[in-house]
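Here's the structure we're looking at; comments come further down.
The values are calculated or read from the model by the stated rules, or taken from the named source; none is laboratory data. Just so it is clear, the model here is predicted, and its values are computed rather than measured. Note: ideal-geometry Cβ built from the backbone for every residue, glycine included; neighbour counts use all protein chains shown.
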Amino acid sequence: MDKIALGVTSSISLYKAADIIRLLQKEGLAVRVIMTEKATNFINPRLFTSLTGERTIVNLFDEGQRPVEHIAMADDICLLLIAPATANIMAKLATGIADDFLSTFYLAVKSPVLIAPAMNQAMFLHPQTQANIKKLKDAGVEFVEPESGYLACGQTGSGRLASPEKIVQTSLRLIRRQPVFKDKLIVVTAGPTREALDPVRFLSNRSSGKMGYELAREAYQRGAEVVLISGPVELEPPAGVKIEKVISSEEMRQAVLRYYDRANAVIMTAAVSDFKFSQTGSEKIEKETLPPDLKLERTPDILEELGRLKTGQLLVGFAAETAQMKARAGQKMKKKKLDLMVANDVSRQDIGFGCDENEVYLFWPDGRERFIQKTAKRKVSQEILTEIGAMLNARK
Ligand SMILES: Cc1cc2nc3c(=O)[nH]c(=O)nc-3n(C[C@H](O)[C@H](O)[C@H](O)COP(=O)(O)O)c2cc1C
């Protein structure tokens, strides 16, 4: 199991380290905590020992560790994450001071280092702190920038520790990034669209957006720049991903076209409404005046348009089918000039729309196909991104 060393320093926000540990563990990572001695004024190291199942390290010369633990442990880890990081620890790391376990360990690690600072705004904006951050960045250290908001000192400003979710997503990106996704822009569409009849009524579908959100998260973790164009859904956007919220199919079309020139791959998981109302009202239409035969018209086919305008982008389509899946998916793939078609059976209750699991077929234009058995959408998204990575690699 991959292991992360988590440095915890004496910022009042260190209670959030417990959430960070839980989220990392949920991602299948082991965590070993190193606290500064000052941090133990806030929390007893036993808390982190209980959470991680491994003894929390505080001192260089503690009994019960390997003879030269700070060097031995450097080989065990895939990432050194310091969250929260005080102004003090950053100053020490920037100048190479090694007077406790954490700062000594920093000099020994060969893995990536990620720092999430947390402090009062004046301390954060102080030219000395900023100079230290710059020095560390120049040395290749990565940062999760602090957020603006209410600070423990009672003031409002920048310096608040980034959210545990964001810290963990950034950590995963550093561990899981792959060269093929570096400097690649991947556009993912997700969710349904809504076609308004009037300000209160609309035509839509049952898409939950889960598959697209998982794909966006996975593409980000592998190192791509990701734009997620999302219809109305009840999901939190993955941290690090740029979100563009849209409502109607026309808004979705325009958003995709805005990024298309720059995109290396477009993954269209959105269930774009095929129809919209021919006539719409800018005010609520009274039921007495509602025509009994509401007329519908086709919306533009975004994927087909992208296929027509294609200049080297890798185009991935999703087909939600209820019957004759293979034949229909094959036809769509040809018509829309797709590089990969992912088809799933939305008539089943246990997979697809709204579910956490999916079972899909992948079809390629050269006739190759692959079946991904029912599994978590996260796992499906990993398999799809692996295929996309291989396709991007083949294009080099
Ligand atoms: C209540 C309290 C809260 C503190 N919060 C922070 C903080 O959020 N960020 C920071 O840089 N220092 C903070 N400090 C100051 C650090 O604890 C102090 O600079 C310490 O020497 C840092 O030691 P360490 O980096 O070894 O943990 C706080 C101090 C106290 C007493």
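If we keep just the residues of region 141-165 that are buried (at least 17 other Cβ atoms within 10 Å of the Cβ) and farther than 22 Å from residue 237 by Cβ, which is modelled with the highest pLDDT?
In this case the residue turns out to be 141.
Can we say residue 79 is within 16 Å of the ligand (Cβ to nearest atom) and either in contact with a helix residue (DSSP H, G or I) (Cβ under 8 Å, 6 or more places away or on another chain) or of a type in the set (A, V, I, L, M) (or both)?
no
Taking the residues in region 2-14 that are within 16 Å of the ligand (Cβ to nearest atom) and touching a helix residue (DSSP H, G or I) at 6+ places or on another chain (Cβ under 9 Å) as candidates, determine which candidate is nearest to residue 102 (Cα to Cα).
7
Among the residues of region 258-299, write down those that are out of contact with any strand residue (DSSP E or B) (no Cβ under 6 Å at 6 or more places or on another chain) and closer than 26 Å to residue 362 by Cβ.
The answer is 260, 272, 274.
I'd like to verify a number: residues in region 26-37 that are away from the ligand (no atom under 16 Å from the Cβ) and in contact (Cβ under 8 Å) with a residue 24 or more places away in the chain, how many?
Adding up the residues that qualify gives 6.
Working carefully through the options 40, 49, find the one that is within 12 Å of the ligand (Cβ to nearest atom) and surrounded by fewer than 22 Cβ atoms within 10 Å (Cβ to Cβ).
After ruling out the rest, the residue left standing is 40.
Checking residue 206 against (1) in contact (Cβ under 8 Å) with a residue 24 or more places away in the chain; (2) farther than 19 Å from residue 301 by Cβ; (3) out of contact with any Pro (no Cβ under 8 Å at 6 or more places or on another chain): exactly one of these is not met. Which one?
The number of the failed condition is (3).
Please work out if residue 161 is touching a Lys or Arg at 6+ places or on another chain (Cβ under 9 Å) and either within 11 Å of the ligand (Cβ to nearest atom) or under 30 Å from residue 217 (Cα atoms) (or both).
Yes: the conditions hold for residue 161.
I need the full set of residues from region 309-330 which are at pLDDT below 95 and over 22 Å from residue 387 (Cβ atoms), in order please.
Listed by number, the residues that qualify are 322, 323, 324.
So, in region 107-126, of the ones that are within 12 Å of the ligand (Cβ to nearest atom) and in a helix (DSSP H, G or I), which residue ends up nearest to residue 78 (Cα to Cα)?
Top of the filtered list is 124.
Mind checking whether some residue in region 8-18 is of a type outside the set (D, E, K, R), surrounded by fewer than 18 Cβ atoms within 10 Å (Cβ to Cβ) and within 20 Å of residue 92 (Cβ to Cβ)?
Yes, the conditions are met somewhere in region 8-18.
Being outside any loop (DSSP other than H, G, I, E, B) and either of a type in the set (Gly, Ala, Ser) or within 26 Å of the chain's Cα centre (by Cα) (or both) is the filter here; which residues of region 50-83 pass it?
Across region 50-83, the qualifying residues are 50, 51, 52, 72, 74, 79, 80, 81, 82, 83.
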